[in-house]
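Trainee: Dumping the structure here so I can ask a few things about it.
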Amino acid sequence: MRIDARAMAVLLSTILTTGCASIPENAGFGGVQTTVAERTGQRVQWNQDTDADQAAENAVRRMLRQPLNVDAAAQVALLNNRRLQGVYEELSLSQAGLVQAGLLTNPVFSTAVGFPLDGGSLDLSFSIVQEFLHVLYRPLRTKIAGAQFEATRLRVAEAVIDLAADVRGQFYHMQADAQRLEFLRRVVRTTAVSAEAARRLYAAGNITDLDVAREEALYQESRLALVTAQTRLVQDRERLNALMGLWGNDTQWTIAPRLPEMHDLPFESANLEQRAIEASLALGAARKEIEAATASLGFTDATALIPILESGVDAEREEGEWEVGPSLAFPLPFFNQGQARLVAARAELRRAQQTYWAQAVEIRATVRALRYTALSACNRARHVQEVLLPLYTRIVNHTQLQYNAMQIGIFQLLQARQQQINAGLRYIDTLSEFWLARVALEQTLSGSLAEVDPVSMAEIPTGDLPAISIIE
Amino acid sequence: MFTRRKFITTSSVAFAGGATGLANARDARGKPESVPRQDKSYSRSLPAYEGLAPGQPGRDYTPVITPNNQSLPWKVVDGVKVYHLIAEPVDHEFAPGLKAKCWGYNGRVHGPTIEAVEGDKVRIYVTNKLPAGTSVHWHGLLLPNGMDGVAGLNQKIIRPGETFKYEFTLVQHGTHMYHSHHDEMTQIALGTTGPLVIHPRNPSRPRPDRDFVFMLHEWRIDVGTSRPNPNEMTDFNIFTFNARSFPGTAPMVARLDDRMRIRLINLGAMSHHPIHLHGYQFPIVETDGGQIPESAQQLETSVLTAVGQSRAFEFTANEPGDWAMHCHMTHHVMNQMGHDFPNLIGMQAGDLDQQIGSLLPGYMTMGTDGMGEHGMHVQSGHMQVPKNSIPMVGGPGPFDYITMGGLFTILKVRENLASYDDPGWYEYPQGTVASLASDSDLRRDGIQVARSQP
């Protein structure tokens, strides 16, 4: 028997060339970089022991030397957070899956030796069996893995944007807490002089132990509130340190100890919900996963009936002559016709579709709620700033006039001052609520709000917030 | 059904009975015995007053002086004195710097003094320009029941826009008052009252040269507000002679040796006032019940006038000078004093002012040694107070700040006066004013004063 070596070579080379694929560099990180840059204007860097690593580290150091603003803090975290670097490895893993999908299973080579009972030369037979269907479904498999890889790429970009949002939110938390300290110190000063006045009145014999104790208690309460706020500030700082991946000497950074004033309200876009749906990286990833599931259903359909289909070339040398002929073997679907796998795959698909739908609905609701929260916080902050604070200032001034007319005493006067300070604290509460809602909205839109139509605050119709009756 | 004739008969019988008892009571005080005339309008006309012409100022009496106010004009129509009171809202100034929306009569708070003479027939029209119903009661007067003015009891309420007519004959003399008798609590608190002086037809004593009438009152006007609060029951903060608080009170001016009469009427809500006149002793000659027989008079320096009472006292202004006359309840000589702050007397403020000043610029601790300086702080302008409010005490005096407010006024007695206009501060004869004791005085009299450390 003569082996048709040429035919054999063709077959083998076909199998081998289609089965081998090279791993692309960076595993699609460039796409992540582009997405993040487009969405947030910030840079990400996958540290893979290159010169770029050092450049990123230098950039971090440079930023830490200046007082951090919210963008710088987010940038430091994006370059320096090791958990994020770990997330990038998902890309490698996913890409490995993609490569794997493109590879053919290795062919099975078998050989047999026959000993003729009647004597004579040995019967040698060889066979190379390649899973035939594996070859057949390779493009499909690659498509599935490709979709899964795309999903991973989007999920990685989403992780980047989530981290940036976490940092921004935490940054505003810290600024709000720092600003609260400023007011709480004023409260302490107020209660301190109130207590001091009480002590002096007591020394003069004019008020009771009870009165002094009450004033002293107010003073001590306010001190406790101050220390509690200081503790919160330290906690905020450490959370930021963790998010920015900082330790040791790198934790000496500073920030401006007060929230920025509201400058714009870029939430008026009528199709904000639509934008959120389009921009959502999570939804994009889910879409890719549905694609993968759909593709995988086709795959499952085809293979359900013939799950293992092997093809091969049998070469047999019989009586000194090589015979080459194809062989085919397949299971007869008497018992397992693949029904179970099919049902499971269809269920997976339907689940992915339902989840996708639900997620989209949730995003719409979230966007509406956040927009309302931000607008409401903005209106309330303006109400405090433009109505309440001037009112409390008027109250202080008129209380002082009443004090001057000797109608009321020092304690009532200081109380009025404290009310004014408390209104200042409420301003910080509403202002930080505004910034946090803004960050969350940006996160939901998977990027910066800068591109959404900015609307000046003066243009906001008051009818926009029917539920807030305190707005004049 | 009552005929007019029967009605007259019935009422006259009932009236005669009442009047008899009254006449008897008055006999004890030496009044002419009288039989009431059966006349519907002037039923209290007594034969003793028949044929008397309406009393005329100068001829029949020395008109009273109502400092910061005046008497109500009248005219005579067919032998009847006709007056017209108009109850209405009035913007009234209590002292420079404090005005309030009050209720009064004829553009004044309190209403102008109604003056008449015993035996006069009077017809008083009352027009109601208030937003609420009202009535007028002639407090202390002996008159027919239907003229007594208690709304609901003796007459219908005078509704806004209506004009009522009161007619009666004055059968007594003395110091009385008129006031609203409808929702008294509100209306009197807002000012609806005024003096009513009836001069005697045949005075038993010489006529005074200077006859002053004061209505005492109390108000609650919160600092920075501009309307008296009638709901106040105890914590009044404005006390007035003729609805004026010192330094808004006009002085009484007298020529040396003038015969003086001072009439006090109290129609505040809740407080009695012991009015004290410096420099003189005097008998109280009259209450709202009539003259006090000389045998029952005693010398006083203070006249306690309870709510709803009147008192009149007389003396000769024989000691020149600026003599204080004031309520001796110390809180009644304060203006708009608050009572809602801690007692600061004796507190050592120390550096507290700087500490508080950093939180409240312009803060200053006050009252650690009393209220005496409050008025000066305010009036010097460096201590701002709410609009429409006056400091607790006083005004500038010839020597120093006068730390009195409220029910405080001055009797100015002068030897030479061209007119009864305010002559200004008294010029003291050399050496007659208390002054700083000199070292030689102290040495001479062996007065040891330990030098206090600064």
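The values are calculated or read from the model by the stated rules, or taken from the named source; none is laboratory data. Note that the coordinates shown come from a computational prediction; the quantities given were computed from them, not determined experimentally. Cβ atoms come from the backbone with ideal geometry, glycine included; neighbour counts cover every protein chain shown. With ligands, DNA and RNA removed, areas are computed over all heavy atoms of the protein, side chains included. Shrake-Rupley method; radii C 1.70, N 1.55, O 1.52, S 1.80 Å.
Trainee: Just subtract the alpha-carbon distance of B:Met233 and B:Trp425 from 0.36 nm times their residue separation and send over the number in nm, one decimal.
Mentor: Gain on extension, B:Met233 to B:Trp425, equals 65.4 nm.
Trainee: Sticking with this one: Taking 30 Å as R0, compute the FRET efficiency from the Cβ-Cβ separation of A:Thr34 and A:Thr228 and round it to 0.05.
Mentor: With a Förster radius of 30 Å, E is 0.10.
Trainee: Using alpha-carbon positions, what is the distance between the centroids of the range B:384-434 and the range B:194-218, in Å?
Mentor: If we compute the Cα centre of each part, the gap is 25 Å.
Trainee: Whats the longest run of chain B with zero chymotrypsin sites (Phe, Trp or Tyr not before Pro) that are DSSP loop and have at most 14 other Cβ atoms within 10 Å?
Mentor: B:3-398
Trainee: Also, quick follow-up: Can you tell me the length gained on complete extension of the stretch B:Ser302 to B:Thr163, counting 0.36 nm per residue apart and subtracting the Cα distance?
Mentor: Working it through step by step, the gained length comes to 46.0 nm.
Trainee: Right, something else. Apply the a/c threshold of 1.5 to the C-alpha gyration tensor of the range A:197-276 and tell me whether it is rounded, prolate or oblate. Spell out each step's value before the answer.
Mentor: Numbers: a/c = 4.13, a/b = 1.95, b/c = 2.12.
It comes out oblate by the Cα gyration axes.
Trainee: A:Glu362 accessible area, nearest 10 Å², 1.4 Å probe?
Mentor: Only protein atoms counted, so the area is about 110 Å².
Trainee: Follow-up. Give me the mean projected area, in nm² to one decimal, of the convex hull enclosing the Cα positions of chain B.
Mentor: Directional mean of the projected Cα hull area for chain B stands at 28.1 nm².
Trainee: Starting from the Cα of A:Gln66, step 7 Å along the direction of its Cβ; do the same at A:Arg341; then give the gap between the two resulting points in nm.
Mentor: Rounded to a tenth, the inter-label distance reads 5.8 nm.
Trainee: At a Förster distance of 60 Å, what's the computed FRET efficiency of B:Arg255 paired with B:Thr225, Cβ-Cβ distance as r, to 0.05?
Mentor: FRET efficiency, B:Arg255 to B:Thr225: 0.90.
Trainee: Here is a further query. From the square roots a ≥ b ≥ c of the eigenvalues of the alpha-carbon gyration tensor of the range B:338-454, which class results: rounded (a/c under 1.5), prolate (a/b over b/c), or oblate?
Mentor: Taking the square roots of the gyration eigenvalues as a ≥ b ≥ c, the range B:338-454 is oblate.
Trainee: Additional query: What are the ³J(HN,Hα) couplings of the range B:215-229, residue after residue, when phi is run through the Karplus curve with 6.51, -1.76, 1.60 and θ = phi - 60°? Round to Hz, x for glycine and proline.
Mentor: Per-residue couplings from phi come out as 9, 8, 8, 9, 9, 10, 10, 4, 4, x, 9, 9, 8, x, 9 Hz.
Trainee: Could I have the simple spin-label model distance between B:Asp441 and B:Thr368, label points 7 Å from Cα toward Cβ, reported in nm to one decimal?
Mentor: Spacing of the two 7 Å Cα→Cβ label points: 3.1 nm.
Trainee: Separation of the range A:121-197 and the range B:240-309 by C-alpha centroid, Å?
Mentor: That distance is 93 Å.
Trainee: A follow-up question, please. Quick one: order B:Asp183, A:Asp177, B:Asp400 from most to least accessible surface, probe 1.4 Å.
Mentor: B:Asp400, B:Asp183, A:Asp177
Trainee: If you average over every viewing direction, what projected area does the convex hull of the Cα atoms of the range A:103-177 give, in nm²? Can you show the working numbers first?
Mentor: Working: hull surface 35.5 nm².
The directionally averaged projection comes out at 8.9 nm².
Trainee: Rounded if a/c is under 1.5, else prolate if a/b beats b/c, else oblate: with a ≥ b ≥ c from the C-alpha gyration tensor eigenvalues square-rooted, which is the range A:83-221?
Mentor: Judged from the Cα gyration tensor, the range A:83-221 comes out prolate (a/c at least 1.5, a/b above b/c).
Trainee: OK, next. Could you sort A:Ile128, B:Ile265 by accessible area so the largest value comes first, with the probe set to 1.4 Å?
Mentor: The most accessible residue leads, giving A:Ile128, B:Ile265.
Trainee: Provide the solvent-accessible area of B:Lys121, counting protein heavy atoms only and rolling a 1.4 Å probe, rounded to the nearest 10 Å².
Mentor: It works out to around 60 Å².
Trainee: Along the Cα→Cβ direction, 7 angstrom out, place labels at A:Gln353 and A:Glu221. What is the inter-label distance in nm?
Mentor: 6.1 nm
Trainee: Whenever you get a sec, line up A:Ile207, A:Ile428 from highest to lowest accessible area (probe 1.4 Å, protein heavy atoms).
Mentor: On the way: A:Ile207 25, A:Ile428 0 Å².
Ranked from most to least accessible, the order is A:Ile207, A:Ile428.
Trainee: Quick check of the Kirkwood formula: for the range A:40-143, what is the inverse mean of 1/r over all pairs of different Cα atoms, in Å?
Mentor: Working: mean 1/r = 0.0522 Å⁻¹.
This gives a value of 19.2 Å.
Trainee: Using amide H atoms built 1.01 Å from N in the peptide plane, name the residues 5+ places from B:Phe282, or on other chains, whose amide H lies under 5 Å from its own.
Mentor: Amide H to amide H, under 5 Å and 5 or more residues apart or across chains, B:Phe282 pairs with B:Glu300.
Trainee: Out of the range A:183-265, which GluC sites (Glu not before Pro) are coil in DSSP terms and have no more than 10 other C-beta atoms within 10 Å?
Mentor: In loop regions of the range A:183-265 (DSSP not H, G, I, E or B), the sparsely surrounded GluC sites (Glu not before Pro) are A:Glu261.
Trainee: Rounded to the nearest 10 degrees, what's the angle between the helix B:4-27 long axis and the longest principal axis of chain B, both from Cα atoms, 0 to 90?
Mentor: With both axes taken from Cα atoms, the answer is about 50 degrees.
Trainee: 5 Å is the cut-off here: which amide hydrogens, built 1.01 Å from N in the peptide plane, fall below it relative to B:Val253, excluding neighbours closer than 5 in sequence?
Mentor: B:Lys412
Trainee: Across the residues of A:199-206, average count of Cβ atoms on other protein chains within 10 Å?
Mentor: The per-residue average across the peptide is 5.
Trainee: Excluding ligands and nucleic acids, what accessible area in Å² is computed for B:Ser302 using a 1.4 Å probe, to the nearest 10?
Mentor: Roughly 40 Å² of B:Ser302 is accessible to a 1.4 Å probe.
Trainee: Give the separation of the Cα centroids, the range A:46-115 to the range B:101-140, in Å.
Mentor: Using only Cα atoms to place each centre, the spacing works out to 101 Å.
Trainee: Same structure, new question: Within 10 Å of each Cβ in B:347-359, how many Cβ atoms from other chains are there, averaged over the peptide?
Mentor: 5
Trainee: In µm²/s, what is D for the range B:197-270 at 37 °C and 0.692 mPa s, where D = kT/(6 pi eta Rh) by Stokes-Einstein and Rh is the Kirkwood radius from Cα pairs?
Mentor: Values: Rh = 14.8 Å.
Translational D for this selection: 222 µm²/s.
Trainee: If you average 1/r over every pair of different alpha-carbon atoms in the range B:310-357 and take one over that average, what Kirkwood value in Å do you get?
Mentor: When all Cα pairs of the range B:310-357 are included, the Kirkwood radius is 16.1 Å.
Trainee: In whole Hz, with x marking every Gly and Pro, tabulate ³J(HN,Hα) for the range A:216-226 from phi via Karplus 6.51 cos²θ - 1.76 cosθ + 1.60, θ = phi - 60°.
Mentor: Whole-Hz 3J(HN,Hα) from phi for the range A:216-226: 4, 4, 4, 5, 5, 4, 5, 5, 4, 4, 5.
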